[in-house]
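To keep things clear, I will list the structure first and then write my remarks on it.
The values are calculated or read from the model by the stated rules, or taken from the named source; none is laboratory data. The model shown is predicted, which means the values in this text are computed figures rather than measured ones. When we count neighbours, we look across all protein chains shown, and the Cβ atoms used for this are built from the backbone with ideal geometry, even at glycine. Keep in mind that these areas ignore ligands, DNA and RNA; they rest on the heavy atoms of the full protein, side chains included. Shrake-Rupley method; radii C 1.70, N 1.55, O 1.52, S 1.80 Å.
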Amino acid sequence: MALTQDIPTHDLPHWMRQAQHRWDWGLLLALILGLIAAWPFLLQTGLTRTNATENHVFMTDDYSNALREGRLYPRWSPNVINGYGAPVAHYYPPAAPYSAALVQLLFTNNAVNAVRVLYILSFCLASVGTYLLVRRHISPQAGILAAILYCFSPYISQTAPHALGDLPGLFALGCIPVALWSVDRLLTDNRPLDVLGVAVMTSLLILTHVQIALAALFLAIALIGYHVFVNRHFASGVMAFGSIIMGVCLAAFFWMPALLENDLVQWQKRASSMVPTLNLGGLLKPFQPIDPNEMVLRPQFTLGLPLIGFTILGLISALLTRQKAGFGLYFLFVGMGLSGAAILLFPTHTWLVGVISSCLAFSAGNIFTITQKIPARTHEILPAVLIIFLFAVSQPTWLAPHWNPAFGEVSPAQQIAYEQQGAGIAILSAEAPLPVTIDTQLQPNRFLLSGYTTGNLNKVAPIVSSPRSLINLLEHTAHSDRLQVQFDVSTRLDILTAYFPGWSAFAGNRPLPLAKNPATGLMLVEVPAMSGEISIGLGTTPIRQSAWFVAGLALVCLLLITILRFQRDTPIYIPEVSLLPIAQMRLMGVSVLCFIGVILLGATSNSPFNLQARPGYGLDNAVSLLNITQAGLEAVAFRINSLFFRPGDTLDIDLYWETIRTLSQNYQVQIYLRDIDRGTRWHRTELETPGNYPTSRWRQYAYIRDHHAINLSNDILSGIYEITIEVYDCGVTCRPEDRLTFFDNNGRLLGQALVLPQTIRIQR
C-alpha cells in the first residue's frame, strides 16, 4: 500500500487515476444551464410556424419516411416543386434533419417533437462544451460563467432558434465548443480516443453547416497554433491537424458529390426580404425585448451588452493578473479578428455573430483570474453573485416567445399545400436556393396533385390506353416506383418526377432506356412490348461511389489508428483539472434554482406573473394609420427614417399591418413616390409580400413589420413628395383593377391608393 502511494499520479494506470477523481458537479450544473436555455422547447408544446423551424420539421419528416423505406442516406426530396421533386437532400448538409429523423423513428414518432429534442440537444452541447473547454484553461467557475454567456447571448438564445428558426446553424454552434474541446484534449492529453473524437466532430460540423464548419476549422487551427507557440506541442499539433483532415474525408460521402455534381442542377434563388448585413453599430446595439404582438420576429444581429461587458471585465482582469489568461486573451483577439472580417469582408454572413459570441464567451472567463487580487473570503460567493447579476442583465434574451401548441400536419400533401399557399418550398427556408433540374415554368400536373390530395399517389402519367395495355402501380416510395405493365407494342412512359443522374429503370434485371424530357425536364422511360414488372429508382453514380469509398477508407484508417493507440505501452500524461468546490457548487446551484423559479413564475404561457415586454411596444413612436381594406387587411402604422433627403440617400419605410379576419388570398404591396407639384411618380417598387410572409398564413390581431428601402436616384428632382401605398390581389398578373380599396377608421372611402399623412422633402 505504501508503494502505491509513492507512485506519481501521472504514472498510475488510467483507470486508477479515474477512480481518484471525484464527480465534477460543475459538469452537471453546465448541463442544467443548457436545459434552462432551452426551456421554451421543454415547457411549450408544438413549434412556431413563422420561421424556418417549420421547414426543418417538414425536412425531418422527409428523412424519417426515407429511413422507414430502407433508404439509409436519402438524396432526393420527392414532394417539392408541385410534387415533381428535386435533389435537395443531395446538396444540403444532412446531419440536423437526419438526427431529428432518428429521434422521430426511435423515440417520439413525431417530427415536431423530434425537432424540439434537437434544439434542446444543441443548447446542452453549447453549455457543456463551453464549460469543459474553459475549465481546462482557466477554472470551473470560469467555465460556468462562459457557458451562461454563450447560451444566453442574443444570437444563440433568441435570434437563431426563435427569429430565424435556424436549426442546423444552432446545432453547429452547439458543436463548436465540443469540437474545440476534443482538439484541446488531443493536444494536451493525447488519449487513445482523441484522434477519433476530433475526426468525428469535424465530420459532424461539415455534415451540419458547411459555412460554420469552415469557421470552426479556423478556430481549431487557431487553438492548435496557441498550443504550438505557447505550450510547444509540435507533435500533437501535427496529429490534431491530421485528425481534422481525416474528419473532412469522413464526410466525403456528402460534400464530394455535392461539389462535383453541382453543375447538374440550376440554383433557383427565390424572392426574399432585404438581406440583412452586419455592421459595428448593430453588433454593439443592446438586444431589444420581444414584442408579444409581433407576428414574425425580427432577427437582431447583436452580441449583447452582457457579453461585451463581461468580455471587457475579463480583459481587465487578465491585464491585472497576467496569469492563466493566455487562453482567454488569444480567443479575444480571434473574436475581434472575426468581427472585423464579418463587417468588412462578409457582412451578409450573419451566422458569424454566433461564432464571434463563442470566442468572446471563452475570453470572458478571464474575469475569474481576478480572484488572485481579492480577499480569500470573497472567493466562495463571487461565482454565485456573478451568476445572479448575469441572469438579471440578460433578461430580454431568456424571455422567449410563446407559440401555438398545435403545429398541424406534416404529410406530403401538406408540403404541396404549403407551396400552393405561396409560402415557398416546404423543406427550405425562404433564403435558401432551390436546386432544380426541370423547366422552372413547368405548370403543376392536375393528375399528380390529385394523387397527393386523395392519398393515391402515382408518378406515372396516364397514357392513351387500349384494351391490350395495362399499368398497375405496385409500390411508390420517395426514391423508387414499382409497376406491373402489359404492352403489346413499345410504349413511352412519362414519369412525373424530375430527372437527375442516378435514376434508372429495369424490367427484371434488364435495364430500360431512361432519359430526360428536353421540353419539361421530367423522366421518360422506353418500355418494349412486354408483360411483367418494371422498377424505377434512384441509384448511384461513379462520383457518389468514389465519395463513399473515400469516407469508408477514412473510417477504416481511424478505427485502426484508434486500436493501435489503445495498444501502445507509452504512459499517457493527463493534466490535473481543477473541479468546482462543493461550497461554491451549493451557492451557484441555489442561484440557478432561483432562476428556474423565476422562469416558471413569470416567463411561460401558464405563469401567474408576466415578465414579457408590453404587447405592442414595437409600435411606439410610429405614426398611427388605422386604415382598413375591404378584405380585412389593415395598415395600422408606419415609420420613416427621416423627412429630409438628398439624391442618393436611402428612404427606409416600415409599414405595420394586421388582419381582423383570416385571409384567403396572398396580397402584395407596392410603394411609389409622387411629386406633389409636378404630379410625376418616382421609384415604384416591385410587388412584394408584406413582411415577406404570405397573408393567407397571418393570424388575427398580431402585427407584421413590412420594411421597404428605396434608394433615391441621383436624377430625382427637388421638391415635396408624398408616399403612396397600393395593395394588389394578384392572380396570374397584377392589374390596376385588382387593387384593394382603403377606408379610414370611420368607414370613409379613401380609394385604391393609401397616401401616408407625412410628406418628405428632397433637396439637392
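Mind ranking 342-348, 146-152 by how tightly packed they are, going by the mean number of other C-beta atoms within 10 angstrom, highest first?
Highest mean packing first, the order is 146-152, 342-348.
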- [ ] Output the DSSP H helices from the chain with an along-axis C-alpha extent of no less than 20 Å and a mean Kyte-Doolittle hydropathy no less than 1.6.
- [x] 194-208, 210-226, 234-250, 305-321, 326-344, 582-602
Open item on the list: Using a 4.7 Å cut-off between beta carbons, which cysteines in the chain end up with no partner cysteine at all?
Closed with: CYS124, CYS151, CYS175, CYS249, CYS359, CYS557, CYS594
Task: Reduced Cα scattering model of the range 33-79, Debye log10 I(q)/I(0), q = 0.22, 0.23 Å⁻¹ - done: -0.82, -0.85
Open item on the list: Can you tell me how the chain classifies by the Cα gyration tensor, rounded, prolate or oblate, using a/c under 1.5 as the rounded cut?
Closed with: oblate
- [ ] Give, rounded to the nearest 20 debye, the magnitude of the charge dipole that the chain has about its Cα centre when Lys and Arg contribute +1 at Cβ and Asp and Glu contribute -1 at Cβ.
- [x] 1140 debye
TODO: Run the numbers on the chain and let me know its relative contact order in percent, using alpha-carbon pairs under 8 Å that are six or more apart.
DONE: 14 percent
- [ ] Have a look at the range 357-423 and give its Rg and Dmax from the Cα atoms, expressed in angstrom.
- [x] 23.3, 68
TODO: Counting only heavy atoms of the protein chains, get the accessible area per residue of the chain (1.4 Å probe) and round it to a whole Å² value.
DONE: 44 Å²
Open item on the list: Which of rounded, prolate or oblate describes the range 514-659 when judged by the alpha-carbon gyration tensor and an a/c cut-off of 1.5?
Closed with: oblate
Task: Percent of Cα pairs exceeding the 26 Å cut-off, where the set is the range 93-226 - done: 22 percent
Task: THR724 versus ARG586: modelled label distance in nm, points set 7 Å from Cα along the beta carbon direction - done: 7.6 nm
Task: List GLU737, GLU261, ordered by accessible area with a 1.4 Å probe, largest first - done: GLU737, GLU261
Task: Residue among ILE148, HIS162, GLY174 farthest towards the positive dipole end of the range 135-204, charges placed on Cβ - done: ILE148
TODO: Rounded to the nearest 500, what is the 222 nm mean residue ellipticity of the chain from helices alone, with -39500 (n - 2.57) per DSSP H run of 4+ residues and division by all residues?
DONE: -13000 deg cm²/dmol
TODO: Give the shape of the range 324-479 as rounded, prolate or oblate, defined through the alpha-carbon gyration tensor: a ≥ b ≥ c are the square roots of its eigenvalues, a/c under 1.5 means rounded, and otherwise the shape is prolate if a/b is larger than b/c and oblate if not.
DONE: prolate
- [ ] Report, to the nearest whole %, how much of the accessible area of the chain belongs to carbon and sulfur atoms, 1.4 Å probe, protein only.
- [x] 60 percent
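Work through the residues other than ASP494 whose Cβ is under 13 Å from its Cβ and net out their charges, Lys, Arg +1 and Asp, Glu -1.
Surrounding charge for ASP494 is +1.
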Task: By average C-beta atoms within 10 angstrom, highest first, the peptides 86-99, 672-685, 298-311, 221-234 - done: 86-99, 298-311, 221-234, 672-685
Open item on the list: Net charge within 14 Å of ALA111 by Cβ-Cβ distance, Lys/Arg positive one each and Asp/Glu negative one each, not counting ALA111 itself?
Closed with: -1
Task: Local electrostatic count, ARG614, Cβ distance below 15 Å [Lys/Arg +1, Asp/Glu -1] - done: -3
Task: In the chain, lysine pairs with alpha-carbon atoms under 30 angstrom apart (chain gap of 8 or more, or interchain) - done: 4
